[in-house]
1. Could you give the nm distance between label points at Arg116 and Glu63, where each point is 7 Å from its Cα heading toward the beta carbon?
2. What dipole magnitude, in Debye to the nearest 20, does the range 35-90 give about its Cα centre under +1 on Lys/Arg Cβ and -1 on Asp/Glu Cβ?
3. R0 = 41 Å: FRET efficiency of Leu82 with Leu37, Cβ-based, nearest 0.05?
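No lab work stands behind these numbers, since they all come straight from the coordinates. Quantities reported herein were computed from a predicted structural model and do not represent experimental measurements. Ideal geometry is used to build each Cβ from the backbone, glycine not excepted, and the neighbour counts take in all protein chains shown.
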Amino acid sequence: MAAGTEHRQYLRVKETQMSLSEEQYGSQAGEDFEGQLREAQQQLEVLQHQREQLEQQKCEMDELNRRKEDFLSGQIEITERLSTSVTSIDRELFELRQELEDLEQTRQSFAAHLTRIEKVEPEGWQRDALDGELNRALAMLDQAEEEFESAVAHFSGGRAGSAFGSSASGPRTRSSDGFRANLKAGFAYNLPLLLLGITALLIMLYR
């Protein structure tokens, strides 16, 4: 009887131990699963963060490539425009310098003609030299007018065409009523006075 009682107690103890072992195993297994779940979740978060970083880097790279394409396109466009403008400006400057040189030479020539013409004083010509002086004076006018008309024709299509007044519209032909006719008329008008003065001077000298 005592042996049966002890056997039942032993079985109860064994069952209790087995129950405790199962509970401990179940608790330990649950803790391991939760730990693995947390670890997997952390890894997932890390992967998600890495994915976001990669997407951000891709967006940044796409933006850099777009800006690079904008630069290359703008570089080609502005290079062509600047190159064309530089060539045009160089050509314009060359033509301006050439025109300025021509203008300076023309001015010097005109100033020389003006000085010579202004020094002509028909009233001081001697009667016996009147024909020669008149021929030289008229030749001087012809030369000055020829150079003037040549300059007008040269500059008529340029910026300096307006510097020659109404004559810049084209060469003109000087009529007989022009400067030459006025000069001859002046001689004819003043000739009697000149002869009278010379006669009076001779009379005074021979007295």
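1. In this crude label model, Arg116 to Glu63 measures out at 7.9 nm.
2. For the range 35-90, the charge dipole is close to 140 debye.
3. E between Leu82 and Leu37, to the nearest 0.05, is 0.05.
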